[in-house]
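Presented below is the structure to which this report refers.
The values are calculated or read from the model by the stated rules, or taken from the named source; none is laboratory data. Just so you know, these numbers come straight off a predicted model, no measurement behind them. So basically every Cβ, Gly included, is an ideal-geometry build from the backbone, and we count neighbours across all protein chains shown.
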């Protein structure tokens with residue numbers, strides 16, 4: 001009696017299985033291409049200028065420090081998270097179509113920068129209590145969390161100063177007056193340098 005154990009032979013590949021395998025491979029290839037096209041487009045911030053009238057915003061961004069700190073539009077204009085980023089990227093097919101037919105469409109998934117956008121990757125800290133000039137007392141954390149004022153309310157032109165309807169990088173004095181009107185005659189409320197007088201301001 002032989003001790004040799006017969007090994008089970010692999011089932012031959014039938015035409016149906018071959019067809020199914022080819023279909024799965026083709027579907028996988030289509031999926032890769034489907035995801036790759038918007039990925040390539042959105043990886044280049046210049047693509048925004050091809051689809052809508054964003055050239056002036058692109059040019060202003062390129063001249064600002066944000067071109068180095070945030071090298072793509074979606075760093076500031078898309079909510080953080082992989083899902084939000086892919087919603088924006090896949091929906092970019094609308095922008096590609098709009099660019100081809102000349103339609104004007106607002107991008108889906110893009111939004112105005114929020115506080116999270118400004119703080120991502122440690123770009124901006126809310127711990128600042130004195131302006132960069134070293135003269136104005138401005139507690140950023142209190143303004144954001146206690147007064148519920150978003151960053152772009154005071155700094156609308158952080159990356160696109162005075163483009164379109166966007167304001168300047170720094171808040172105008174009249175903006176401070178909206179909340180601190182009763183303190184506008186008290187120089188030391190805002191200013192650190194005691195004897196400094198700001199010319200041209202009307203209380």
- [ ] Report, by residue number, each residue of segment 1-34 that is surrounded by 10 or more Cβ atoms within 10 Å (Cβ to Cβ) and at pLDDT below 90.
- [x] 17, 18, 19, 20, 21, 22
TODO: Give the number of residues within segment 59-91 that are closer than 13 Å to residue 46 by Cα and surrounded by 19 or more Cβ atoms within 10 Å (Cβ to Cβ).
DONE: 4
Open item on the list: Among the residues of segment 104-119, what is the count of those that are over 14 Å from residue 84 (Cα atoms), at pLDDT below 85 and under 10 Å from the mean Cα position of the chain (by Cα)?
Closed with: 0
- [ ] Inspect segment 120-140 for any residue being crowded, with 18+ Cβ neighbours inside 10 Å, modelled with pLDDT of 85 or more, assigned to a loop (DSSP other than H, G, I, E, B) and within 19 Å of the chain's Cα centre (by Cα) and give the result as yes or no.
- [x] no
TODO: Could you list all residues from segment 183-195 that are in a loop (DSSP other than H, G, I, E, B) and either touching a strand residue (DSSP E or B) at 6+ places or on another chain (Cβ under 9 Å) or farther than 15 Å from residue 130 by Cα (or both)?
DONE: 184, 185, 186, 192, 195
Task: Single residue of segment 83-105 satisfying the filter (part of a loop (DSSP other than H, G, I, E, B) and in contact (Cβ under 8 Å) with a residue 12 or more places away in the chain) that is nearest to residue 70 (Cα to Cα) - done: 91
Task: Count - residues of segment 142-169 that are under 17 Å from residue 117 (Cβ atoms) and not in a loop (DSSP other than H, G, I, E, B) - done: 7
- [ ] Say whether the condition of being under 18 Å from the mean Cα position of the chain (by Cα), under 28 Å from residue 159 (Cβ atoms) and in a loop (DSSP other than H, G, I, E, B) is met by at least one residue in segment 24-39.
- [x] no
Task: Where residue 180 falls short, out of the listed (1) at pLDDT below 90; (2) assigned to a loop (DSSP other than H, G, I, E, B) - done: (2)
